[in-house]
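Each remark here refers to the structure printed beneath this line.
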């Protein structure tokens, strides 16, 4: 398919253009896209996605405009194409005009699918987002301060129970196996289940013995198939299906003393929750608030509220896991500052900020201890001597591990200590952990006690919450992902951020001049 090129000569007599010129505000996102589309999304920006043979594509500048509006309004592909076909504002923004003179510019929803696939396979899959950030930077809207935060992204699939996971994984393995291998696998099945449908077997679910027999029989089917495949050279689809089957069986089941299998009385740390989307995970935004899916990470300029970077991780990943990537553009900035809640106050991230001369406004949790016992800050940690002194005056040496983290064991000193009842209930005595980043943590705790630090944090950090509210204001395509898999969810979330950036720039009066981009209000 070759690169299609949009018509750059507008029709002065087009009714849609004349109507929208008069009816829409100049800082409307539709008006800004209409006016600046050729500068924001020139067709040449997407030239690497196409070849020099075949029929012409729908002009990429038109498709990119539709994709931005689609994410801004959180529409499905079919809804977006319908809106483009019948909504005068969308046609005006895309520069295709009305319907006079035989102009019936429209396309199928699969064009959007194709464009996303081409972008994902390219060397610059986030180019639409990058355009929005570059325009904001050129207009002087991106400074050297960043606020970081995360938000849950619910997965687009149903969370499966153990039986459904095992049966679905077995069905997937049988589906990708060739005719001969499928016959071998089916010969190993002893449960009587043909795994032809996704429906659960019909049993008395109120009968514990029936449930246990069901679990044991399906587990034996799964293990028999895995034993058959063990040591064989398998093609990628079969190998992936077998690996998924091994994962779901291994994470949820345990053997019993009588040789049967039952559901383990635990939750695996990195539990797969769906065979349809094996990368989704159980996550927790807080101790009491759980979700299934992914985490969306953002970095926001607090002065302009422009999103400067995004990332997506599995739902069980820590908030700070993507933090270093989000602030990659600050490593060469002078007087850079990063704000974040206590999720970002980890020793590793604080060390990264210090190594790159970036000021930290990330909260560090105060030490705590259950039952009102002495907290860690009651102990004196001497990093120069690598020693810890307890409230009773006993000093012990820190024993470091290979990773640099250490423990100070007071052990026998606690036995006759008069302060023991206020310090520990452990039979072996009190232990104090000393991180390899302890110095950075101590400095951060001291800094955040300063009233100026606290005032700056309170005035700046909450601004990211409003931006997350903009991103998540719609459920479909906002809070709930429209696609499956980390890469696709990441691309979709990034495009949503691009749409929000362009809406923000439109509100600020973005205009292109000969010297570059500028805004009329800031």
Completion exercise
Being surrounded by fewer than 21 Cβ atoms within 10 Å (Cβ to Cβ) and either under 24 Å from residue 490 (Cβ atoms) or modelled with pLDDT of 95 or more (or both) narrows 104, 35, 78, 53 down to just 78
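Kindly indicate which of 212, 233 is surrounded by fewer than 20 Cβ atoms within 10 Å (Cβ to Cβ) and without any contact (Cβ under 8 Å) to a residue 12 or more places away in the chain.
Details: 212 fails: without any contact (Cβ under 8 Å) to a residue 12 or more places away in the chain.
Sole residue among the options that is surrounded by fewer than 20 Cβ atoms within 10 Å (Cβ to Cβ) and without any contact (Cβ under 8 Å) to a residue 12 or more places away in the chain: 233.
Among the listed residues 121, 136, which satisfies the condition of being at negative phi and not assigned by TED's automatic domain parsing to the domain that holds residue 41?
Step by step, each of 121, 136 is checked, and only 136 is at negative phi and not assigned by TED's automatic domain parsing to the domain that holds residue 41.
Let's see how each residue does on (1) assigned to a loop (DSSP other than H, G, I, E, B); (2) in the same structural domain as residue 29 (by TED's automatic domain parsing); (3) over 26 Å from residue 157 (Cβ atoms); (4) at pLDDT 90 or above:
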| residue | (1), (2), (3), (4) |
| --- | --- |
| 489 | no, no, no, yes |
| 492 | no, no, no, yes |
| 495 | no, no, no, yes |
| 501 | no, no, yes, yes |
| 504 | no, no, yes, yes |
| 521 | yes, no, yes, no |
Fill in the blank from the handout: Among the residues of the stretch 142-170, the number that are part of a helix (DSSP H, G or I) and out of contact with any strand residue (DSSP E or B) (no Cβ under 8 Å at 6 or more places or on another chain) is 8
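Filter the stretch 140-162 for residues that are over 30 Å from residue 263 (Cα atoms) and touching a helix residue (DSSP H, G or I) at 6+ places or on another chain (Cβ under 9 Å) and give the result. Step through it out loud before you land on a result.
Kept after step one, since they are over 30 Å from residue 263 (Cα atoms), are these residues of the stretch 140-162: 140-151.
Listed by number, the residues that qualify are 141, 142, 144, 145, 146, 147, 148, 149, 150, 151.
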Practice task
Test each condition in (1) over 16 Å from residue 135 (Cβ atoms); (2) part of a helix (DSSP H, G or I) for residue 482 and report the one that comes out false.
Solution key: (2)
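Specify the residue that is modelled with the lowest pLDDT; the eligible residues are those in the stretch 286-315 that are assigned to a loop (DSSP other than H, G, I, E, B) and surrounded by fewer than 17 Cβ atoms within 10 Å (Cβ to Cβ).
Pass one, the stretch 286-315, residues assigned to a loop (DSSP other than H, G, I, E, B): 287-288, 301-306, 315.
Now drop any that are not surrounded by fewer than 17 Cβ atoms within 10 Å (Cβ to Cβ), which leaves 287-288, 303.
Working: 287: 77, 288: 82, 303: 94.
Filtering first and then ranking leaves 287.
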Handout entry: Residues that are surrounded by 14 or more Cβ atoms within 10 Å (Cβ to Cβ), free of Cβ contacts under 8 Å to residues at least 60 places away in the same chain and over 26 Å from the mean Cα position of the chain (by Cα), drawn from the stretch 444-490
Key = 454
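Quick check, is residue 283 in contact (Cβ under 8 Å) with a residue 12 or more places away in the chain and in a strand (DSSP E or B)? Give the derivation first.
Details: in contact (Cβ under 8 Å) with a residue 12 or more places away in the chain: yes; in a strand (DSSP E or B): yes.
Yes, satisfied.
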Fill in the blank from the handout: Checked against (1) under 20 Å from residue 446 (Cα atoms); (2) under 39 Å from the mean Cα position of the chain (by Cα); (3) part of a loop (DSSP other than H, G, I, E, B), residue 403 satisfies every condition except (1)
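Okay, residues lined up against (1) within 30 Å of residue 331 (Cα to Cα); (2) in contact with a helix residue (DSSP H, G or I) (Cβ under 7 Å, 6 or more places away or on another chain); (3) crowded, with 17+ Cβ neighbours inside 10 Å; (4) in contact (Cβ under 8 Å) with a residue 12 or more places away in the chain:
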position: 354; (1), (2), (3), (4): yes, yes, no, yes
position: 358; (1), (2), (3), (4): yes, yes, yes, yes
position: 364; (1), (2), (3), (4): yes, yes, yes, yes
position: 380; (1), (2), (3), (4): no, no, no, no
position: 418; (1), (2), (3), (4): no, no, no, yes
position: 428; (1), (2), (3), (4): no, yes, no, yes
position: 432; (1), (2), (3), (4): no, yes, yes, yes
Exercise for the section: Considering every residue within the stretch 134-142, establish whether at least one is over 27 Å from residue 507 (Cα atoms) and free of Cβ contacts under 8 Å to residues at least 24 places away in the same chain. Expected result: no
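The values are calculated or read from the model by the stated rules, or taken from the named source; none is laboratory data. Keep in mind it's a predicted model, so treat the numbers as computed, not measured. All Cβ positions, glycine included, derive from the backbone under ideal geometry; neighbour counts span all protein chains shown.
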